[in-house]
Amino acid sequence: MTILLAPMEGLLDFTLRDILTRVGGIDRCVSEFIRVTGTLLPERVFTRVVPELNHGGRTTAGVPVRAQLMGSDAVCLAENAARLAGLGPAGIDLNFGCPAKVVNRHGGGAALLADPELLARIVSAVRRAVPAHVPVSAKMRLGLYDTSRAVECALAIAGAGADELVVHARTKADGYKPPARWECIAGIREAVRVPVVANGEIWNVADAAECRRQSGCDDLMLGRGMVSYPGLALAIANPARPPLDWVALMPLMAQFWALVCDKIEPKARAGRLKQWLNYLRRHYPEAEEAYGRLRTVNEPARVAEGLFGMPADAGVRYAPSCYGEVS
């Protein structure tokens, strides 16, 4: 079983990727999307979203990161993929699953599922543009408003040269509302000849087991479930393992705070920590209590003191990441 860490725009960026992969259990990550809209992007755009490119395409813990591209112009995507491949990612992923209206209005993300032929042209162009040793994968949903073309889209993607397909078990219209329709992935897995990874609504070990049963997939991608419980990947791999408790999590949160203080603009720092706390409330009563105290606090110094009992910059004393010494 391979466990992947999902891309989550506005949440699971390189700072949280770094910390969650330090916990263990994650075999590979996919970055949040890099939008391609008709121009050849400079290298600094790729390394800003995926700074792991400066360190062999891996997180501090050594977990490989595939960089994700999103767009609808096959030629432009191929040109950008070629430039990106030169930076040494662990692979290139294509976004055919984002349900955001602002993305879909411009023909990106899940909107592409209305046109399987375009999906094939994009995948084929990107596959031809990058060296053979660079994996090309894709992530899709089950469709726009229903699942009637899910297998057709998957066959188009796989047939055009994708090495792996992640399927989020919802349609665009479903957004992130439960339930995820894991059973619908089974038909896709049976139809294509590439590995299929199941994704969507996996919050605990029982969900993981049921998802694997219904989808027939060995491999899983975790998103919000991993953010809410950073020990989830380890627990899925070994259900008998002792849980990751709040005491063990606190040093990791301090490391996260160190990265945020070093790499994120000051006005966004408190929000980033509270955002993660908000997700952690689902699993940890201590996070519920801390979030209640800090929800309306926006000064980094007060947030750090309220959670860690230390000054705003004290988190930098913890272990540095691969992105350079924190200062």
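Where a number appears in this text, it was derived from the coordinates with a stated rule and is not lab data. Not measured: the values here are computed from a predicted model. Using ideal geometry, Cβ is built from the backbone for each residue, glycine included, and neighbour counts are taken over all protein chains shown.
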If Rh is defined by the Kirkwood formula over all Cα pairs and Rg also comes from Cα, what ratio Rg/Rh do you get for the stretch 1-116?
0.97
The stretch 130-167-the stretch 1-29 distance, computed between alpha-carbon centres (Å):
21
When the chain is treated as a Gaussian network with springs between alpha carbons less than 10 Å apart, the largest mean-square fluctuation among 110, 82, 90 is found at 82
Value of Rg/Rh across the chain [Cα atoms, Kirkwood radius]
0.97
Normalised contact order of the stretch 3-237, rounded percent, pairs of Cα under 8 Å and 6 or more residues apart:
17
Calculate the FRET efficiency for residue 106 and residue 193 from the Cβ-Cβ distance with a Förster distance of 35 Å, rounded to the nearest 0.05.
0.65
Kirkwood hydrodynamic radius of the stretch 246-317 from all distinct Cα pairs, in Å?
11.9
Using the Kirkwood formula on alpha carbons, the hydrodynamic radius of the stretch 71-136 in angstrom works out to 12.1
Within the stretch 271-311, what residues put their amide N at less than 20 Å from the label point 7 Å along the Cα-to-Cβ vector of residue 247?
283-290, 307-310
Taking the simple approach of a point 7 Å from Cα along Cα-to-Cβ for both residue 173 and residue 288, what is their distance in nm?
3.6
Given the DSSP H assignment, sum -39500 (n - 2.57) over each helix run of at least 4 residues in the chain and divide by its residue total; what's the result at 222 nm in deg cm²/dmol, nearest 500?
-12500 deg cm²/dmol
